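**Q** Before I ask anything, let me first share the structure, which is written out below as structure tokens.
The values are calculated or read from the model by the stated rules, or taken from the named source; none is laboratory data. Only a predicted model underlies this, so the values are computations on that prediction, with no experimental measurement involved. Counting neighbours? That spans all protein chains shown, and the Cβs are built from the backbone with ideal geometry, glycine included. Please note that ligands, DNA and RNA were not included when accessible areas were found on the heavy atoms of the full protein model with its side chains. Shrake-Rupley method; radii C 1.70, N 1.55, O 1.52, S 1.80 Å.
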Amino acid sequence: LPGTIHAPLDFLLTLTAAVKRGAPNTFVMGDMPFMSYQCDESEGVRNAGRFLTEGTADAVKLEVDGTFTGLVSQMNRAGIPVCAHVGSRPQRAKHDGGYRAAGRTRAEAARIVEDAVRLEDAGACMLLVEATPAEVSEEIVRRTGVPVIGCGAGPACHGQIVVTQDIFGLTDWQPAFAKPIADMGEHLVSMARRWAGMVHASELGEHPYKMSD
């Protein structure tokens, strides 16, 4: 897929259920995709419920600001654990002219902090803060009482999230906050070239299958 907004709901439900089957004792969060909750609050609640029933997730995450408190409240009323994703929101990248950091001005930082407080008050049981200056997440941690997970938001957060491909060095472009701890991309390419060379030279070793008498 070319970007996160192109992932359809049913596809993500299938992936979430597969992850939960593979890690049944792990807390798994379903990431609600673009347009699965923005159009109508009732539809959003139903789709979030599908992540718990069909996707067997333990919670759902949605990219929101303070205008989504009504939706979060309805999900909370329905018994759906919600992680509210604030700060930089990738699903708005086309609207904002590309992926960018958030909260770099005093006014924008204050708005993100207030959004986080309002979303917790609406029933969010967890907050995810993405791509903000450290001061923003520090203030969110100070003013809220739920776990705060950071994604390029500084060390004050209670936990950190990183994309596997980024930390393993599998992508050509690396986010500034996700410095790779391995260079697996180059290693995999090197192994593929070695295999291609072996095939070209017919040097695959002794064939293991023999005809019977």
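**Q** Across segment 146-163, which residue is least open to solvent (accessible area, probe 1.4 Å) among those that are assigned to a strand (DSSP E or B) and not hydrophobic (A, V, I, L, M, F, W, C)?
**A** Among those that are assigned to a strand (DSSP E or B) and not hydrophobic (A, V, I, L, M, F, W, C), it is G150.
**Q** Further question: Scanning for something more than 16 Å from I5 (Cα to Cα), without any contact (Cβ under 8 Å) to a residue 40 or more places away in the chain and charged (D, E, K, R), does segment 48-63 turn up at least one residue?
**A** Scanning segment 48-63 turns up at least one residue that is more than 16 Å from I5 (Cα to Cα), without any contact (Cβ under 8 Å) to a residue 40 or more places away in the chain and charged (D, E, K, R).
**Q** Any residue in segment 119-133 that is touching a residue at least 12 places away in the same chain (Cβ under 8 Å) and closer than 16 Å to V82 by Cα sitting within a Cβ distance under 7 Å of a residue that is among the aromatic types (F, W, Y) and open to solvent by 10 Å² or more (accessible area, probe 1.4 Å)? List the pairs, counting only those 6 or more apart or interchain.
**A** Pairs that qualify, where the first residue is touching a residue at least 12 places away in the same chain (Cβ under 8 Å) and closer than 16 Å to V82 by Cα and the partner is among the aromatic types (F, W, Y) and open to solvent by 10 Å² or more (accessible area, probe 1.4 Å): there are none.
**Q** Considering only residues that are open to solvent by 40 Å² or more (accessible area, probe 1.4 Å) and small (G, A, S), look in segment 88-145 and name the one that is farthest from V163 (Cα to Cα).
**A** A107
**Q** Are any of the residues in segment 136-151 farther than 23 Å from A59 by Cα, among the aliphatic types (A, V, I, L, M) and at pLDDT below 95?
**A** No, the conditions are met nowhere in segment 136-151.
**Q** Then there is this: Residues in segment 67-87 that are surrounded by fewer than 17 Cβ atoms within 10 Å (Cβ to Cβ) and over 26 Å from T53 (Cα atoms): how many?
**A** The total comes to 1.
**Q** Could you check segment 164-213 and list, in sequence order, the residues that are assigned to a loop (DSSP other than H, G, I, E, B) and of a type in the set (S, T, N, Q)?
**A** Within segment 164-213, T171, Q174, S202, S212 meet the criteria.
**Q** In the list V199, V148, which residue meets the criterion of being within 19 Å of the chain's Cα centre (by Cα) and free of Cβ contacts under 8 Å to residues at least 40 places away in the same chain?
**A** It is V148.
**Q** Could you list all residues from segment 16-34 that are more than 21 Å from G159 (Cβ to Cβ) and in contact (Cβ under 8 Å) with a residue 24 or more places away in the chain?
**A** Within segment 16-34, A17, R21, P33, F34 qualify.
**Q** Looking at V162, is it without any contact (Cβ under 8 Å) to a residue 60 or more places away in the chain and closer than 20 Å to D65 by Cβ?
**A** Criteria not met by V162.
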